[in-house]
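Peer 1: My questions will all concern the structure given below.
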Amino acid sequence: MRLITQALMTLFKHYKDLQLYLTNQLVKPVSVGFVPTMGALHAGHLSLIEQSKKRSGITVSSIFINPAQFNNRQDFLKYPSTLEADISALEENGCDILFLPDEKEIYPDEASKNKHFDIGYLETVLEGKFRPGHFQGVCLIVDKLLNIVNPDLLFIGQKDFQQCMVIKRLIRLQNKAIKVIVCPTLREKNGLAMSSRNLRLQPIEREIASELFKTLQSIKQKIPFTDFIQLQKKAIGHLNEKGFKVEYLQLAKAADLEIVNNYKSGEAYVILIAAVLNEVRLIDNILL
Ligand code: AMP
């Protein structure tokens, strides 16, 4: 059941207004689906909106480029912003509510950033290892947004595989009754995982960047018959030749992200990669 019938999206800049609106306008059992983003929206983001619309009574999205999750200042300063196009895209795709806070709204003072989340092992490997503090920043913003929106369903992308695990852990830690729906990675025709950061790549670099997924696919094909360490060495060599600086290319158990060197058939694995191409850091993964 849904009380508000509106073709237009409602935009909130202040969390108190959004909370008041959600409390006053919604009559249970309307389910709230939430899609948090950092903007520069692409079809991957919009696929999460689509999923939320299918499964929730009302869809809330947010756009906030969260400074707390950037361990590299330049990456933060160069993060793309396409706000007008984002608002139109959300509206056209039937998003009901957009939360668009500024930095002061989320972090009114230094104390508002002082919270530590016990995410354990996940913080010590892969993205956690190469981006110190990143997942604390992710938890900080996701925790704040979940407290504000109080969704029933949370839609996030498999592209950020480790982030999905961190967010699930955060939700468990905070004892929240939120169902997390992990949605598949949307890709360009050449296989490149859609990402806001792709806007910083030239067309020729986007072609080169598609090598990341092609490499993951090739390893997936060969891994039942070939030693992973050999495949890893060859793939890193190949990507370096193409102009990437590979930060990691690892095989891990999909259930807990334990890094392993050997593949055994019958178990669920994921291969994860992070590589920098012309100062643009890209990540991707493939499930086995
Ligand atoms: P971001 O704006 O990069 O913080 O991403 C917001 C949400 O969109 C996160 O849950 C991402 O995992 C998800 N997302 C990003 N890229 C894609 C993609 N190519 N396909 C599906 N979901 C994605």
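Peer 1: How big is the gap, in Å, between the Cα center of the range 54-132 and the Cα center of the range 144-161?
Peer 2: Each part's Cα centre sits 10 Å from the other's.
Peer 1: Right, next: Under a crude label model (7 Å from the Cα following the beta-carbon direction), how far is residue 78 from residue 227 in nanometres?
Peer 2: So the label points at residue 78 and residue 227 sit 3.8 nm apart.
Peer 1: Would you mind working out the magnitude of the charge dipole of the chain relative to its Cα centre, with +1 at each Lys and Arg C-beta and -1 at each Asp and Glu C-beta, to the nearest 20 Debye?
Peer 2: Values: 36 positive and 31 negative charges, 128 e Å.
Once rounded to the nearest 20, the dipole reads 620 debye.
Peer 1: Once Rh for the range 52-93 is found with the Kirkwood sum over Cα pairs, what is the Stokes-Einstein diffusion coefficient at 25 °C and 0.890 mPa s, in µm²/s? Walk me through the intermediate numbers first.
Peer 2: On the way: Rh = 12.5 Å.
Rounded, D is 196 µm²/s.
Peer 1: Using alpha carbons only, what's the Rg to Rh ratio of the chain with Rh from Kirkwood?
Peer 2: Dividing the radius of gyration by the Kirkwood radius yields 0.97.
Peer 1: Looking at the chain, send over the antiparallel percent of its DSSP beta bridges, to the nearest 5.
Peer 2: Values: 20 of 39 bridges.
Of the beta bridges lying entirely in the chain, close to 50 percent run antiparallel.
Peer 1: Students often get this wrong: which residues of the range 251-279 have the backbone nitrogen under 17 Å from the point 7 angstrom along Cα-to-C-beta of residue 202?
Peer 2: 277-279
Peer 1: Moving on. Amide H neighbours of residue 94 under 5 Å, at least 5 residues apart or on other chains, H built in the peptide plane: list them.
Peer 2: Amide H to amide H, under 5 Å and 5 or more residues apart or across chains, residue 94 pairs with nothing.
Peer 1: Continuing with the same structure: Mind listing the long-range amide H neighbours of residue 246? Cut-off is under 5 Å, sequence gap 5 or more, other chains count too, H placed in the peptide plane at 1.01 Å from N.
Peer 2: 276
Peer 1: For the range 123-240, with all protein chains present and a 1.4 Å probe, just round the carbon and sulfur fraction of the accessible area to a whole percent. Each step should come with its number before you reach the end.
Peer 2: Numbers: 2890 of 5480 Å².
Carbon and sulfur: 53 percent of the exposed surface of the range 123-240.
Peer 1: Determine which lysines satisfy two conditions relative to residue 168: a Cα distance under 23 Å, and not lying fewer than 8 residues away in the same chain.
Peer 2: Filter leaves 53, 54, 113, 115, 129, 144, 159, 176, 179, 253.
Peer 1: Sort the following peptides by mean Cβ neighbour count (other Cβ atoms within 10 Å, averaged over residues), highest first: 250-257, 272-279, 93-100, 112-119.
Peer 2: Numbers: 250-257: 15.8, 272-279: 18.8, 93-100: 20.8, 112-119: 12.6.
Ranking, from highest mean packing down: 93-100, 272-279, 250-257, 112-119.
Peer 1: Quick one: which residues, 5 or more positions from residue 254 or on another chain, have an amide H under 5 Å from its amide H? H modelled 1.01 Å from N in the peptide plane, none for Pro or chain starts.
Peer 2: Residues meeting the criterion, in which the H sits 1.01 Å from N, are 268, 269, 270.
Peer 1: Defining a contact as two alpha carbons under 8 Å apart and six or more residues distant in sequence, what relative contact order in percent does the chain show? Intermediate values should be presented prior to the final figure.
Peer 2: Values: 464 pairs, mean separation 48.8, N = 288.
It comes to 17 percent, rounded to a whole number.
Peer 1: Excluding ligands, DNA and RNA, what is the solvent-accessible area per residue of the chain at a probe of 1.4 Å, expressed in Å²?
Peer 2: Details: 14060 Å² over 288 residues.
With all protein chains present, the chain gives 49 Å² per residue.
Peer 1: Express the relative contact order of the range 155-230 as a whole percentage, based on alpha carbon pairs under 8 Å and six or more residues apart in sequence.
Peer 2: Value for the range 155-230: 24 percent.
The values are calculated or read from the model by the stated rules, or taken from the named source; none is laboratory data. Source: prediction; values computed, not measured. Virtual Cβ from ideal backbone geometry, glycine too; neighbours counted across all protein chains shown. Heads up: the accessible areas ignore ligands, DNA and RNA and are worked out on the full protein's heavy atoms, side chains in. Shrake-Rupley method; radii C 1.70, N 1.55, O 1.52, S 1.80 Å.
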